[in-house]
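Working notes, beginning with the structure itself.
Only the coordinates and a few stated rules stand behind these numbers; no lab work does. Everything numeric here is computed off the predicted structure, so don't read it as measured data. All Cβ positions, even for glycine, are placed from backbone atoms using ideal geometry, and neighbour counts span all protein chains on display.
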Amino acid sequence: MSEKQSRAVTAIHKAEFESFVASTLFGQGWNVLHRALDWPSVVDFLELSNEAPDVLLCSTDLTGITSEGIESIKAKGIRVFLFSHELEHSLDFPDSLPIPQSALELIGLVRGSIRTPLLRSSIPERKTTRAKILGVTSAHSAAGCTTLAINIASELSVAGHRTLLVDADPTSPAVAILIGEQGLHTKKGFQKVSAGFSAMEITQGNIVDSIALLDNAQYEFEFIIIDLGATLNIAATLSGRRWSGETLVWVASHADLLWVLAKSDYLSLHRLRKLTHDLIQNSVKPQISFIHSAAKSGRRSSASDELFAEAIQALGSKDVIKIPLDTRSISMAESGHETLFQSNEKSLLRKSIQGLAGEIKR
């Protein structure tokens, strides 16, 4: 069954800003049901339409708009985003938001708001330094997201950097098991794993608190590494209709880097092509790099590399990183609940990941 298309209504006085909002939503696959010119038009549409919008985007200078009217719309379960151009309007509507300066900023506001409207109600006080944030996802299951995320975090902490590892895989969380931190999902706040290395696990039960923790973690750590698991339908995930997509929504708006892992067998490449196409249609803030995991060596290497490159060419990305296949080193680390640095620091895989960690620091 296909996901329901996200629906919006605009009610914005200034034509230039309204056009920007509507075109941005259209470009991200939203269905703009109605473009109201005044508040009575909003009310009439909602009373007569068989389709209720997920969100209403309006401006404080709209003719006829009132705080009472906005509250009546919210009471219908519709999320309202109220934007203000001028200070005097902001005083009349204290909950109004400043005008977004870019399409990505606007999309970041509406993503994730459909199901959990209060998730981002508190914004931490801005500080001078901010963590570098890496999201790790894959086009299919068993691509190696968790192994890579754990060991990147380990290498950064070993190098003396305050690092937070986040298990945000909604279907197959494994960080706690692999690093020997059972009960990680029950912890409130960050669990110290070793010097400079902390971890947390995001679950359906703690999602609201976890997003708030991430907002603050940006200013407490030097690096945040987030294991997102497989992303099979990025448009549906970014819609925010399910708790499981909220961390990806956060990554799409806050992260600096997004690594997409995939192997090079037929089915994996098929799913990589689909994810690549979805990424073209859905804007995200982080710089995207592709990771060719379990990469073959020898004569078969060039053929698989070529197939991998073809799968992502639609996105125009030339940044492909190869991680060698090394099941022995992974098994040793997993059986001892250790990182590759602890179990076999001279292995080819560990050296490869150590090199990647060095690139992140630049």
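Identify the trypsin sites (Lys or Arg not before Pro) of region 162-200 meeting these criteria: DSSP loop state and at most 10 other C-beta atoms within 10 Å of the C-beta.
K188
Going by a ≥ b ≥ c, the root eigenvalues of the Cα gyration tensor, does region 121-214 fall in the rounded group (a/c under 1.5), the prolate group (a/b larger than b/c) or the oblate group? Here region 121-214 falls in the rounded category. For region 129-143 versus region 146-218, the inter-centroid distance based on Cα atoms is 12 Å.
Under a Cβ-Cβ cut-off of 13 Å, what is the net charge of the residues other than L156 that fall near it, where Lys and Arg count +1 and Asp and Glu count -1?
It works out to a net charge of +1.
Note on region 132-360: antiparallel DSSP beta bridges, both residues inside, total approximately 10 percent of the bridges counted.
Per residue of the chain, what 222 nm ellipticity follows from adding -39500 (n - 2.57) for every DSSP H run with n ≥ 4, rounded to the nearest 500?
Counting only the DSSP helices, I get -11500 deg cm²/dmol.
Hey, what did the chain get for relative contact order, percent, Cα under 8 Å, at least 6 apart?
16
Along each principal axis, taking the top coordinate minus the bottom one, the Cα set of region 271-362 gives 42, 34, 24 Å in descending order. What the Cα atoms of region 186-299 give is an Rg and a Dmax of 15.9, 50 Å. Relative to the dominant Cα principal axis of the chain, helix 39-48 is inclined by about 80°. Stretched out straight at 0.36 nm per residue, the stretch from A159 to T327 would grow longer than its current Cα-Cα span by 58.0 nm.
List the GluC sites (Glu not before Pro) within region 44-79 that DSSP assigns to loop and that have no more than 12 neighbouring Cβ atoms inside 10 Å. Filter output for region 44-79: E51. Taking all Cα pairs closer than 8 Å and separated by 6 or more residues, the relative contact order of region 1-102 comes to 26 percent. Taking K and R as +1 and D and E as -1, what net charge do the other residues with C-beta under 14 Å from the C-beta of S172 add up to? Around S172, the charge tally is -4. Checking every one of the GluC sites (Glu not before Pro) in region 256-362 against DSSP loop status and a limit of 15 other Cβ atoms within 10 Å picks out E345. Annotation: aspartates and glutamates with alpha-carbon distance below 18 angstrom to K322 (same-chain offsets under eight excluded): E155, D265, D305, E306, E310, E359.
The local environment of S347, defined by Cβ-Cβ distances under 10 Å, has a net charge of +2 under the rule Lys, Arg +1 and Asp, Glu -1. Working from label points 7 Å from Cα in the Cα-to-Cβ sense, the E86 to Q287 distance is 4.2 nm. Computed over Cα pairs, the Kirkwood radius of the chain leads via Stokes-Einstein (1.306 mPa s, 10 °C) to a diffusion coefficient of 72 µm² per second. Translational diffusion of region 39-112, estimated by Stokes-Einstein from the Kirkwood radius over alpha carbon pairs at 20 °C in a medium of 1.002 mPa s, is 163 µm² per second.
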